[in-house]
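The values are calculated or read from the model by the stated rules, or taken from the named source; none is laboratory data. Owing to the predicted nature of the structure, the values given are computational and were not obtained by experimental measurement. FYI the Cβ positions are ideal-geometry reconstructions off the backbone, even for glycines, and counts take in every protein chain you see.
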Amino acid sequence: MNEFELIAKLTHSLPTDDSVKVGAGDDCAVLDFGMADKSILFKTDAVVEGIHFTAETEPERIGHKALGRCLSDIAAMGGTPTHALVTLALPKEYDPERISMIYRGMSALALRHKVAIVGGETTTNPERLLISISLLGTVRKDKAALRSGAQVGDGVFVSGQLGASRSGKHLDFEPRIEEGRWLMENFTIHSMMDVSDGLAGDLRHIMKQSGVGILLHAAMIPINREAVLAAREKSTAKPALLAALTDGEDFELVFTVPAKEAVRLKDAWKAQFPNLPLSCIGKIIKQPGLHLQDERGVRELHDHGYMHHAQS
């Protein structure tokens, strides 16, 4: 049973109430507590030594990644992060200075995005360090970007470049908070999420929840130069396109917009974010499945992104 099958099994009958507008299954929960113009976003995420970082990883980068993963999910909803809680599960032997430096990296990112870290919990994890973040945010009422709104004919766009997580980008990414809000304020965003488990895997969430198919154009997928160089220089490296599709932890935004807005979007994006590429990589189609068009023609893509607990 892989990660997504387990999540489906555990969440299909969870208790809920009238305040829950979006529950399990999207980047964040969306809660309505009666505010006239805002909804609450609620998210939790964890990083584990040996899975998301190593014992040799610089501690500031660990803290950056721990908070950044949650911030990226708020960005994917078009929201604004506000308050965080931190749970530390520490091995029996740990270096207090290393933990302080992890908090330094976390705090630097929090300050940039005006997030208050308001407490948390410490406990013991015998073998390895674990950091779990719970994050609150806000979004304009009824304006949260979901995975479920993609429509046939939409263009599929992605920010930045993909495929460089193996070269360290997964520790240094910048959550696209400003970009997500700007998109929601200026364009008709039918669906959006962040690329955390790999483009090929994450697009399947949009497909499933929107009841559509997707056609990707291989030549339009923005591949990070590090992935290209790795593919050229190391015989054991993944092909660059496959890395861009499946490696994950790029933490870019992937979203769909009506085709009639595509040209205006690209022009406005270039003016607003001149140093961040934006690529139209495909379109939403009626035919089910994820399809890739390359020099060999169109074929169904069976590659997936990273999945915890996946069986070989």
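Some observations on this one:
- Selection within the range 178-221 - under 15 Å from LEU301 (Cβ atoms), surrounded by 18 or more Cβ atoms within 10 Å (Cβ to Cβ) and among the basic types (Lys, Arg): ARG204
- Strands (runs of 3 or more DSSP E) contained in the range 237-310 and holding at least 2 residues within 19 Å of ARG147 (Cα to Cα): 253-257, 278-285, 289-294
- Test: residue in the range 9-26 that is assigned to a loop (DSSP other than H, G, I, E, B), within 19 Å of SER191 (Cα to Cα), at pLDDT below 95 and not β-branched (Val, Ile, Thr): yes
- Where a residue in the range 52-63 is outside the structural domain of HIS170 (by TED's automatic domain parsing) and within 20 Å of ASP247 (Cβ to Cβ) and its partner, wherever it lies, is assigned to a helix (DSSP H, G or I) and among the basic types (Lys, Arg), with Cβ under 9 Å and at least six apart: HIS52/LYS65; HIS52/ARG69; PHE53/ARG61; PHE53/LYS65; THR57/LYS65; ILE62/ARG98
- Among residues of the range 179-197 that are of a type in the set (Phe, Trp, Tyr), those with a Cβ under 7 angstrom from a residue that is not in a helix (DSSP H, G or I), sequence gap 6+ or separate chain, pair up as PHE187/VAL257.
- Members of the range 3-21 that are small (Gly, Ala, Ser), within 28 Å of GLY198 (Cα to Cα) and surrounded by 12 or more Cβ atoms within 10 Å (Cβ to Cβ): ALA8
- Pairs meeting the criteria (first residue in the range 254-279 and at pLDDT 95 or above, second residue β-branched (Val, Ile, Thr) and surrounded by fewer than 20 Cβ atoms within 10 Å (Cβ to Cβ), beta carbons under 8 Å, at least 6 apart or on different chains) are VAL257/THR188; PRO258/THR188; GLU261/THR188.
- Screening the range 127-177 for residues that are of a type in the set (S, T, N, Q) and modelled with pLDDT of 95 or more and picking the one that is surrounded by the most Cβ atoms within 10 Å (Cβ to Cβ) gives SER159.
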